[in-house]
Every structure is written in C-alpha cells, then in structure tokens.
Amino acid sequence: MTGPAHFVPIATEIEGWHFRNANNTGPNTGGMNAPDERRVFTFSPRWNRCRSSKGIAQDGRGVLEITDMDLTKMEEGKNAGIVKMQFRIRLTVAPSACKSC
C-alpha cells in the first residue's frame, strides 16, 4: 500500500490533467497542483494496520519516472486523458520498520 492517502495529489495516481493547464489548452507550466514526470512515494504492506506512521517510510520507497506519454487532444474545458504512457520505476524494499502492528 502507498500512503498516506490524506496528501493530495497522491504521487501514484497519474491522470492526464496533471500535464495540462486548467483550460486543457496547453501544457502544465506549474499552475496546476499536480506532480510532474518524476514521482517519489513510500509504500508498506502494513500501512493501514500501523498505529503510527513514524518510521514506516523505511519499509519501501519508490521513484517512478514517466519517460514518454501521449495525451488526448486538447479540448478547452475538458480533462485530458492518457492515450499511452511509458515509465521507469525503481523500488527499494527494506525490513519493516513498523513495530506496533
């Protein structure tokens, strides 16, 4: 599981609108609150069972880098969709730091 889900936007949720401006008429040049092509996240099989998230980030860390992407055509007022996407991912896994589960 990745987490925590209360941070928005969530790095592992990738949507086309992240890469376009608010009107869907051009690229996102920083005006949208969305992660870009490089996304860092933590994960743990125990995320939803721990009483505290302290140290849980040591369980696992991921870096996802989008290397190529095609979006749907720009249509003002509509959300962009992802037609195709290629990515590279690097995962680092360690013994669980969650002692309170």
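Please treat every number below as a calculation from the coordinates, not as lab data. This one's a predicted model, so the numbers in the text were calculated from it and none came from an experiment. Heads up, the Cβs are rebuilt from the backbone with ideal geometry, glycines too, and the neighbour counts pull from every protein chain shown.
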Query raised in the report: Around ALA34, what is the net charge, scoring Lys/Arg as +1 and Asp/Glu as -1 over all other residues with Cβ under 14 Å from its Cβ?
Result: -1
Report task. Of the options VAL93, PRO35, HIS18, report the single residue whose Cα projects farthest towards the positive end of the charge dipole of region 16-93 (beta-carbon charges: Lys, Arg +1; Asp, Glu -1). Result -> VAL93
Query raised in the report: So who's got an amide H within less than 5 Å of the one on ARG20, skipping anything under 5 residues away but keeping other chains? H placed 1.01 Å off N, in plane.
Result: ASN28
